[in-house]
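Participant: Take a look at this one; I'll ask things after.
The values are calculated or read from the model by the stated rules, or taken from the named source; none is laboratory data. Fair warning: this is a prediction, and the values are worked out from it, not measured in the lab. Note that we place each Cβ from the backbone using ideal geometry, even for glycine, and neighbour counts take in every protein chain shown. When the accessible area is computed, the model is the full protein with side chains, heavy atoms only, and any ligands, DNA or RNA have been set aside. Shrake-Rupley method; radii C 1.70, N 1.55, O 1.52, S 1.80 Å.
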Amino acid sequence: MLALNVDVDPNRCRMLGLAGSLALTAGGLTAGALPLAEEPAATSGRAALGLMCAYFGLVLLIAAWWWLGRAVRGRHPLPVRDLLLTLAVWATPLIVGPPLFSRDVYSYLAQGAMVDAGIDVYTHGPHALGGPLAAEVAPVWQHTPAPYGPVFLAVAAKTAGLARTGIPAGVLGMRLVALLGVALMVVFLPRLARRCGVDPSAALWLGVLNPLVLLHLVAGAHNDALMLGLLGAGLATALAGRPAVAAVLITLAALVKAPSGLGLLVVAGVWSARFTGRARTVRACALTAAVAGATTVAVTTLSGTGYGWIGALGTPVSSDNWSLTSGLGRLSGILLDEVGSGAGPLALPAWRWLGMAVTAVLVVALWRRRERLGPVYALALSMLAVFVLGPASRPWYALWGLFLIAASAPRGRVRNWVAGGSAVLALALPPDGSAPGGLQLSLAVCGGVFALLALWWMFSLTPDPGLAVSRHWSAS
């Protein structure tokens with residue numbers, strides 16, 4: 001079979017991505033998730049220009065990442081250090097720019113300030129805090145308890161003190177926490193990939209240089225970065241033969257956000273291999289549960305936040321949250337109401353419970369095939385199922401499974417589909433994180449079209465614009 005091999009110049013990709021990152025940051029200065037005092041009117045010319053500029057940069061950044069992936073998969077794969085340099089170049093403008101694609105960072109700061117003030121965040125929403133910081137929280141979350149564990153709330157409480165000198169200082173503090181998580185991802189993803197027989201450069205390209213990481217973990221400062229960093233550290237440690245330390249690290253990740261607790265299955269599997277006899281699985285699960293329980297008690301005692309996070313795990317399931325099961329539930333409810341059935345209100349919770357039940361079945365089925373798939377890959381697919389079938393969905397939730405797929409999935413269809421899905425999800429939200437209206441969609445499309453025209457001009461200006469520096473046919 002004939003195939004076209006293309007060598008891609010990583011330096012040109014790096015510069016193209018930098019141009020995209022700069023344009024995205026510049027657009028975010030008027031169209032991002034800004035503090036209320038700095039937010040222009042949604043219909044103002046500044047906001048419109050900023051939105052177009054942001055989507056112009058976003059499309060350039062996605063294109064640069066996609067072409068860089070061809071270099072990673074080429075005849076001369078890129079060394080890890082080149083990819084890390086590219087990550088630093090692309091991320092730097094976003095680090096110093098405003099929050100993008102979500103206002104969650106303000107919720108983090110408000111919840112941290114509540115902990116610092118002695119207000120129970122598992123009973124009250126940010127409205128109980130009052131003041132300018134709580135005012136920055138999106139209305140849907142004003143009366144909503146925190147769904148996060150004591151590890152993250154303790155970190156947020158320390159960081160919220162910076163907001164006393166100004167909200168931008170607090171945002172920068174939360175972004176530094178997110179960057180710590182990204183740094184852990186960078187350190188442990190290559191180690192995890194080697195353990196799983198995956199090229200570390202390919203893992204870094206898909207799992208860390210991914211636009212979703214840049215947009216939502218770096219620019220959006222989401223606490224999923226800290227969760228994934230600790231999860232990656234725990235899994236790498238488990239595969240290195242230290243299950244007790246791994247159980248502590250993964251429990252800390254779960255005490256940031258609960259879904260990472262599924263990683264304890266890998267720890268139990270590693271521990272089980274050390275025992276013999278019929279009861280080895282029971283012994284391994286008991287040891288894993290004991291370490292996780294002791295870690296939870298110790299951290300909760302030190303943080304002083306209590307165990308209210310267990311009851312608050314359903315917090316993200318608000319009426320404004322969308323997912324596959326929520327969408328099907330709403331559609332079913334409308335149809336039932338149209339035919340005069342009184343069961344319409346039951347459709348949404350029924351679909352959500354069905355989604356959770358199917359997720360549980362898939363997790364069990366995947367885990368039973370862990371010997372064939374590999375434990376990390378089985379966990380990755382399980383986390384992806386949680387994202388797809390869960391009752392709430394956000395673009396950055398896809399990173400729960402994507403990060404581990406980058407480390408463990410064999411080369412082929414799954415990695416390609418995940419990469420394509422990442423590019424699509426990166427376009428899902430406007431820079432201010434709100435639900436887009438017709439005008440916003442039109443402006444976003446215009447910005448994306450301008451970017452595509454700029455890319456077309458690059459390629460039409462010369463047969464070899466520098467992205468592709470050599471082509472040849474080979475037989476395979």
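Participant: Could you grab me the full set of residues in region 175-190 that are open to solvent by 30 Å² or more (accessible area, probe 1.4 Å) and either among the basic types (Lys, Arg) or free of Cβ contacts under 8 Å to residues at least 40 places away in the same chain (or both)?
Facilitator: Answer for region 175-190, where residues must be open to solvent by 30 Å² or more (accessible area, probe 1.4 Å) and either among the basic types (Lys, Arg) or free of Cβ contacts under 8 Å to residues at least 40 places away in the same chain (or both): just LEU176.
Participant: Residues that are surrounded by fewer than 16 Cβ atoms within 10 Å (Cβ to Cβ) and free of Cβ contacts under 8 Å to residues at least 40 places away in the same chain: list the helices (runs of 4 or more DSSP H) wholly contained in region 73-157 that include at least 2 such residues.
Facilitator: By residue number, 80-96, 131-135.
Participant: What number of residues in region 293-318 are modelled with pLDDT of 90 or more and among the hydroxyl-bearing types (Ser, Thr, Tyr)?
Facilitator: The qualifying residues number 4.
Participant: Out of the residues in region 275-293 that are crowded, with 19+ Cβ neighbours inside 10 Å and not small (Gly, Ala, Ser), which is nearest to ALA240 (Cα to Cα)? I'd like the intermediate steps shown before the answer.
Facilitator: The first filter runs over region 275-293 and keeps only residues crowded, with 19+ Cβ neighbours inside 10 Å, leaving 284, 287-288, 291-292.
So of that shortlist, the ones also not small (Gly, Ala, Ser) come out as 287-288, 291.
On the way: LEU287: 18, THR288: 16, VAL291: 18 Å.
Checked region 275-293; the qualifying residue nearest to ALA240 (Cα to Cα) is THR288.
Participant: What are the pairs, 6+ residues apart or on separate chains, where a residue within region 329-352 that is under 12 Å from PRO391 (Cα atoms) and open to solvent by less than 40 Å² (accessible area, probe 1.4 Å) has its Cβ under 6 Å from a residue that is in a loop (DSSP other than H, G, I, E, B) and not aliphatic (A, V, I, L, M)?
Facilitator: Qualifying pairs under 6 Å: ARG352/PRO391.
Participant: From the residues in region 422-445 that are surrounded by 15 or more Cβ atoms within 10 Å (Cβ to Cβ) and in a helix (DSSP H, G or I), which one is modelled with the lowest pLDDT?
Facilitator: So, considering only residues that are surrounded by 15 or more Cβ atoms within 10 Å (Cβ to Cβ) and in a helix (DSSP H, G or I), the one modelled with the lowest pLDDT is GLN440.
Participant: Looking at region 272-290, I want the residues that are of a type in the set (Gly, Ala, Ser) and have a partner that is part of a loop (DSSP other than H, G, I, E, B) and open to solvent by 50 Å² or more (accessible area, probe 1.4 Å) with Cβ atoms under 8 Å, at least 6 apart or on another chain. Which pairs are those?
Facilitator: Matching pairs, first to second residue: ALA284/ARG274.
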